[in-house]
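A.B. asks: Dropping a structure here in structure tokens format, bear with me for questions.
The values are calculated or read from the model by the stated rules, or taken from the named source; none is laboratory data. Predicted model only: the values in this text are computed from it and were never measured. Counting neighbours? That spans all protein chains shown, and the Cβs are built from the backbone with ideal geometry, glycine included. Only protein heavy atoms, including side chains, enter the accessible area calculation; ligands, DNA and RNA are left aside. Shrake-Rupley method; radii C 1.70, N 1.55, O 1.52, S 1.80 Å.
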Amino acid sequence: MPCRKFALQIDIEKITKTYAYAGKPAHVVLKDISFAIAPGDFVIILGESGCGKTTLLNLLAGLEHPTKGCIRADGEIITGIHPSRSMLFQQPALLPWLTVWENVAYGCKIRNDTDKLDYRVNQFLEIMGLTGFADSRPGLLSLGMAQRVCLARALVGHPRILLLDEPFASLDTFTQAHIQEELVNLWLSENFTAVFVTHDIDEAIYLGNKIILLAGEPANITDIFTVEETYPRDRNHPRFKEIRNSILERFKNAYLAKRTLL
Ligand SMILES: Nc1ncnc2c1ncn2[C@@H]1O[C@H](COP(=O)(O)OP(=O)(O)OP(=O)(O)O)[C@@H](O)[C@H]1O
Ligand SMILES: [Mg+2]
């Protein structure tokens, strides 16, 4: 096995992200956002559609750059993508001409990260319950299976931070519950930091130890909730109902504040 490193410390320091459009006023999506992600955290970014969650994740991935401020990973400013940060998108994006096995191995191969790659790919396919589909093409897979292949692909290079953009939103409730449990087990065993974007409050409470509420135009952090219950969690824990109500209350206030400004 390759040498395992500890999960990353991320510091988001007063970042603003503005998109400029030709002939139109610039659009400030995120303004003056600061927070810290401790190594091994499972952080949730929770906010309504269009508030800037994907934008924030893209900044963390290094796919985009802040207009102001900076993001540091273990003290170093993020200037671009890096194999220590892996991303899982909302829709499974697999290469249809490659087998499941080849899809999982693909990123490591192009980075020349091939030490014990056969073993690693087989291991993650087994964890994901996909060993029997190693030679199948992605077209034969259900949506849930395809998303599990993407999860295996995202983890096979042992990233130190996993960025997930509403990865389970299009799955049915049962598959969603299963894959959420698998993700928690992987996070517990693989020692990565997770940053998970969602607009599903129950998913947020089940998965995260820190829930960051993003709201407003431009968006800012309105609250950070800490969920202290140990993992793996019981979805019916009485404390979850309380947290859920507090989050809903905060969103209601943010929504009313926005309407008052309109
Ligand atoms: N590359 C881009 N160029 C210009 N504007 C963009 C770009 N990416 C995002 N935006 C704008 O930034 C705002 C926030 O978009 P973003 O995709 O981050 O929201 P979101 O919270 O992820 O929404 P959803 O929950 O629907 O995925 C939107 O108004 C969007 O139009
Ligand atoms: Mg999005």
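Residues are listed down the side, and each one gets a yes or a no for (1) of a type outside the set (Phe, Trp, Tyr); (2) within 13 Å of ligand 2 (Cβ to nearest atom); (3) part of a strand (DSSP E or B):
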| residue | (1), (2), (3) |
| --- | --- |
| VAL28 | yes, no, yes |
| ASP32 | yes, no, yes |
| ILE45 | yes, yes, yes |
| LEU56 | yes, yes, no |
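Let's see how each residue does on (1) more than 12 Å from ligand 1 (Cβ to nearest atom); (2) touching a residue at least 40 places away in the same chain (Cβ under 8 Å); (3) under 20 Å from VAL149 (Cβ atoms); (4) in contact with a helix residue (DSSP H, G or I) (Cβ under 9 Å, 6 or more places away or on another chain):
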{"position": "LEU30", "(1), (2), (3), (4)": "no, yes, no, yes"}
{"position": "ILE37", "(1), (2), (3), (4)": "yes, yes, no, yes"}
{"position": "VAL43", "(1), (2), (3), (4)": "yes, yes, no, no"}
{"position": "PRO66", "(1), (2), (3), (4)": "yes, yes, no, yes"}
{"position": "GLU76", "(1), (2), (3), (4)": "yes, no, no, no"}
{"position": "PRO83", "(1), (2), (3), (4)": "yes, yes, yes, yes"}
{"position": "CYS108", "(1), (2), (3), (4)": "yes, yes, yes, yes"}
{"position": "LEU117", "(1), (2), (3), (4)": "yes, no, yes, yes"}
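A.B. asks: Moving on. Based on this model, can you work out whether CYS70 counts as away from ligand 2 (no atom under 16 Å from the Cβ), open to solvent by less than 30 Å² (accessible area, probe 1.4 Å), farther than 30 Å from SER136 by Cα and in contact (Cβ under 8 Å) with a residue 40 or more places away in the chain?
C.D. replies: Criteria met by CYS70.
A.B. asks: For residues that are among the polar types (S, T, N, Q) and surrounded by 14 or more Cβ atoms within 10 Å (Cβ to Cβ), scanning just the range 216-245, find the one that is nearest to LYS17 (Cα to Cα).
C.D. replies: ASN220
A.B. asks: Restricted to the range 179-223, and to residues that are farther than 14 Å from LEU164 by Cβ and of a type in the set (D, E, K, R), which residue is modelled with the lowest pLDDT?
C.D. replies: Checking each candidate, the answer is GLU217.
A.B. asks: Just one of (1) over 30 Å from ILE205 (Cβ atoms); (2) in contact with a strand residue (DSSP E or B) (Cβ under 9 Å, 6 or more places away or on another chain) trips up PRO66, so point out which.
C.D. replies: (1)
A.B. asks: Turning to a different aspect of this structure: Could you check the range 187-202 and list, in sequence order, the residues that are more than 17 Å from THR54 (Cα to Cα) and surrounded by 20 or more Cβ atoms within 10 Å (Cβ to Cβ)?
C.D. replies: Residues satisfying the conditions are TRP187, PHE192, THR193.
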